[in-house]
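Taken together, the values in this text are just the output of simple stated rules run on the coordinates, not laboratory data. Predicted model only: the values in this text are computed from it and were never measured. Note: ideal-geometry Cβ built from the backbone for every residue, glycine included; neighbour counts use all protein chains shown.
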């Protein structure tokens, strides 16, 4: 079995997501969880960027519309926050697209809308 990439960093991120979920529970809008995560990142001195913008290069031309990743943590992990009934293929596709345009290798997809925090690692 191969070693998980960014194992320690991803455990720290998921741990902070669990802390937010434990404190707030489920039922809030995504923006509330993002604000709480930003608070936790600052409290724990975790390097992050919120709403990081990425452009799409098509045959040497930068396309008009951009992607906005919820968070980029430690300059290498995309963190996408969801508040949905369940994670579906479209959410994974969105994370893969963010990985493609960012040249990062790992995305964490986290769903706060359930009684138990749901999360998935996406590797590109």
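Which order do the peptides 67-79, 47-59, 97-109 take when ranked by the mean count of other beta-carbon atoms within 10 Å per residue, highest first? Before the final figure, lay out each step's value.
Details: 67-79: 20.3, 47-59: 12.7, 97-109: 18.3.
The most tightly packed comes first, giving 67-79, 97-109, 47-59.
Suppose we take every Cα in the stretch 78-124 and form the convex hull; what volume per residue is that in Å³?
That works out to 54 Å³ per residue.
How many nm is it between the label spots at residue 124 and residue 14, if each spot is 7 Å from the Cα in line with the beta carbon?
2.1
Report relative contact order for the chain in percent, whole number only (criteria: Cα-Cα under 8 Å, sequence separation at least 6).
24
Note down the nm distance, to one decimal, between modelled labels 7 Å out along Cα→Cβ at residue 62 and at residue 90.
2.9
Quick one: length gained pulling residue 51 to residue 32 fully straight, 0.36 nm per residue minus the C-alpha distance?
Length difference between fully extended and current span is 5.4 nm.
Could you give log10 I(q)/I(0) at q = 0.11, 0.23 Å⁻¹ for the chain, computed by the Debye formula over C-alpha point scatterers of equal weight, without solvent?
Values returned for q = 0.11, 0.23 Å⁻¹ are -0.36, -1.45.
Fully extended, how many nm does the chain gain between residue 100 and residue 43 (0.36 nm per residue separation, minus their Cα-Cα distance)? Before the final figure, lay out each step's value.
Values: separation 57, 0.36 × 57 = 20.52 nm, distance 3.02 nm.
Gain in length upon complete extension: 17.5 nm.
Please report how far the C-alpha centroid of the stretch 103-124 lies from that of the stretch 43-60, rounded to the nearest whole angstrom.
Between the Cα centres of the stretch 103-124 and the stretch 43-60 lies a distance of 16 Å.
Run lengths n ≥ 4 of DSSP H only: what is the helix-derived mean residue ellipticity at 222 nm for the chain, with -39500 (n - 2.57) per run over all residues, to the nearest 500?
Here the helix-only value at 222 nm equals -12000 deg cm²/dmol.
Determine the percent antiparallel among the DSSP beta bridges restricted to the chain, to the nearest 5.
So the antiparallel bridges amount to about 75 percent of the total.
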